[in-house]
Amino acid sequence: ILMVFKLNISHKGKALKIETDNEELIGLTIGQDVEGKTVSADLEGYTLTITGTSDSAGFPGLPDIKGPALRGVILSRGRGMKDNQEGIRRRKKVRGDEVSPDTVQINFVVKKEGSKKFEELLPKKEEKK
């Protein structure tokens, strides 16, 4: 099975979207630091932090649930919960904090910039005529 991860890398309000099939990302957890070159050769010298994940069905990965499994947990507010009314608690399906083959999207934030500036890596916008 060929799995492709969609990576969103954010830095100062700008986001770089990359797709990769690198299997070194499997087993990493939310909150863990990753060297940029594991993600892409362009990100040499960067340090990235995993901020979140999502699977093919859209279930979010929560940092306080260990492992890659899908679980039903009771949530009151925050990630994975759309209803923000006071006192509402719901049982929701969420994934654990570990990146697995079921993971589709991984979100990163730049902790340390490398030699190439982040703006140079972003795709150029075409000018309208």
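Remarks
- Sparsely packed loop sites in the stretch 10-53 (the trypsin sites (Lys or Arg not before Pro) outside DSSP H, G, I, E and B with at most 16 other Cβ atoms within 10 Å) comprise Lys12.
- Karplus (6.51, -1.76, 1.60) ³J(HN,Hα), θ = phi - 60°, over the stretch 68-74, in Hz, Gly and Pro reported as x: x, 6, 8, 9, x, 10, 8
- Once the Cβ-Cβ distance of Met3 and Lys82 is raised to the sixth power relative to R0 = 35 Å, the FRET efficiency obtained is 0.80.
- Vicinal HN-Hα couplings computed from phi for the stretch 15-31 (Karplus, 6.51 cos²θ - 1.76 cosθ + 1.60; Hz; Gly/Pro x): 10, 10, 10, 10, 10, 8, 10, 5, 7, 5, 6, 5, x, 6, 10, 4, x
- Annotation: amide H of Gln32 within the under-5 Å range of Ile50, sequence separation 5 or more or interchain, hydrogens built in the peptide plane.
- The chain, accessible area per residue, ligands and nucleic acids excluded (1.4 Å, Å²): 65 Å²
- Accessible surface of the chain, 1.4 Å probe, proportion on carbon and sulfur as whole %: 49 percent
- Scanning the chain for GluC sites (Glu not before Pro) that sit in a DSSP loop and have at most 16 other Cβ atoms within 10 Å, the longest stretch containing none of them is 1-43.
- Here the 3J(HN,Hα) profile of the stretch 100-117, calculated from phi with Karplus coefficients 6.51, -1.76 and 1.60 at θ = phi - 60°, is 10, x, 6, 5, 10, 10, 10, 9, 10, 10, 6, 8, 9, 7, x, 5, 7, 5 Hz, Gly and Pro shown as x.
The values are calculated or read from the model by the stated rules, or taken from the named source; none is laboratory data. Bear in mind the structure is a predicted one, so any value in this text is a computation, not a measurement. Note that we place each Cβ from the backbone using ideal geometry, even for glycine, and neighbour counts take in every protein chain shown. The accessibility values were calculated without ligands, DNA or RNA, using every heavy atom of the protein model including side chains. Shrake-Rupley method; radii C 1.70, N 1.55, O 1.52, S 1.80 Å.
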